[in-house]
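The values are calculated or read from the model by the stated rules, or taken from the named source; none is laboratory data. These figures come from a predicted structure and were not determined experimentally. Cβ: placed from backbone, ideal geometry, glycine included. Neighbour counts: every protein chain shown. Only protein heavy atoms, including side chains, enter the accessible area calculation; ligands, DNA and RNA are left aside. Shrake-Rupley method; radii C 1.70, N 1.55, O 1.52, S 1.80 Å.
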Amino acid sequence: MKPLRIGIYGGAFDPPHRAHVGLAQAAVAQLGLDLLYVVPTGQPWMKTRQLTSAEHRLRMAELAFTSVPQVVVSDCEMRRSGITYTMDTLLTLQAQHPQAVWFLVLGQDLLPTLPRWQQATALSQAAQVAVLQRPQEDAPALQEVAEQVQQELPALQVVFLQAPSSTISSTAVREGLQARASLSNAQRVHWLREYVPEPVAEYINKHHLYLD
């Protein structure tokens, strides 16, 4: 029996948008994943912005990824006190599937930061890193970045995935909503549906998120 192939895809998901869902679908398809843990972050060490409450971000993630059957949204980082480190998350999830093959799914911008991550050497030994490469990206240049990182983390195995084309960002969604605070609820939801899955748009509207 082949071992399970499991990915971890973390982020603030504040809010989760259609590009997040597309990236999850790409990771599942290109890596042949049996399971993809989507992990909304708790208190990340790399973010300085105050995040929306864990309760809201968890629920929005659950609503956003229903179209990807391989996805399980995990609250393991939100239940952990203190700063969130990826290695702790990996160990928590690996304990549930000790025989699996693990992939850490992340955007290409994070690749050069890996040597600075907590327990970076252990992390590079415990999971392959699946880098979501933006369309029209200079592949040789990105490969060169990977090789530079591997000089500091010799055990690191990097797999490149082709990310779907998108210009959506959580920042743009938050700022776009703030700019439309004077519009009616119906108008804001109509705008939101272009960027986030419909259940997420309805949830944001119901709880008046991102309007302050």
### Summary
In region 153-208, residues that are hydrophobic (A, V, I, L, M, F, W, C), within 30 Å of residue 124 (Cβ to Cβ), in contact (Cβ under 8 Å) with a residue 60 or more places away in the chain and open to solvent by less than 40 Å² (accessible area, probe 1.4 Å) total 2
### Query
Under the condition of being more than 25 Å from residue 29 (Cβ to Cβ) and in contact with a Phe, Trp or Tyr (Cβ under 9 Å, 6 or more places away or on another chain), which residue from region 89-133 is surrounded by the most Cβ atoms within 10 Å (Cβ to Cβ)?
117
### Task
Quick one: residue 30 ticks every box in (1) open to solvent by 40 Å² or more (accessible area, probe 1.4 Å); (2) in a loop (DSSP other than H, G, I, E, B); (3) in contact with a strand residue (DSSP E or B) (Cβ under 8 Å, 6 or more places away or on another chain) except a single one, so which number is it?
(2)
### Filtered residues of region 114-142 (kept if part of a loop (DSSP other than H, G, I, E, B) and touching a residue at least 40 places away in the same chain (Cβ under 8 Å))
118, 127
#### Entry: Selected residue (only one of 145, 105, 189 is in a strand (DSSP E or B) and either on the phi < 0 side of the Ramachandran plot or of a type outside the set (D, E, K, R) (or both))
105
## Note on the structure
Note on residue 7: of the conditions (1) within 23 Å of residue 161 (Cβ to Cβ); (2) in contact with a strand residue (DSSP E or B) (Cβ under 7 Å, 6 or more places away or on another chain); (3) of a type outside the set (Val, Ile, Thr); (4) surrounded by fewer than 17 Cβ atoms within 10 Å (Cβ to Cβ), unmet is (4)
